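Nothing in this text is a laboratory measurement; each read-out follows from the coordinates by a stated rule. Model, not experiment: these values are computed from the prediction. Note that we place each Cβ from the backbone using ideal geometry, even for glycine, and neighbour counts take in every protein chain shown.
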Amino acid sequence: MFIAKITRKGQITIPTEFRKKLGTDVVEVEMEGEKIIIKPVRKLGGILNKYAIKNKSIEDIMQMEKEVMRNAFAEKHNNS
């Protein structure tokens with residue numbers, strides 16, 4: 001067993017021997033009751049798939065991003 005301290009930024013250090021066994025530097029983190037489960041992610045596309053916007057062109061997605069940024073900027077500066 002390894003005991004780790006959680007930093008103010010929410011970071012911990014995973015021991016070298018554990019990191020080597022993971023075989024990747026990308027992990028999925030989830031809670032299961034009171035346990036934190038860390039699983040290796042070997043194919044990033046699979047883990048990001050749930051965040052994908054389906055049936056939209058890249059142009060449509062970029063336009064959506066511009067609108068979100070414009071609205072966030074306007075909201076921040078109008079509420080100041």
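Details
- Kirkwood Rh (inverse of mean 1/r, distinct Cα pairs), the chain, angstrom: 16.8 Å
- Annotation: amide H of residue 27 within the under-5 Å range of 41, sequence separation 5 or more or interchain, hydrogens built in the peptide plane.
- The simple Förster model, with R0 at 41 Å and r as the Cβ-Cβ distance, assigns residue 5 and residue 59 a FRET efficiency of 0.30.
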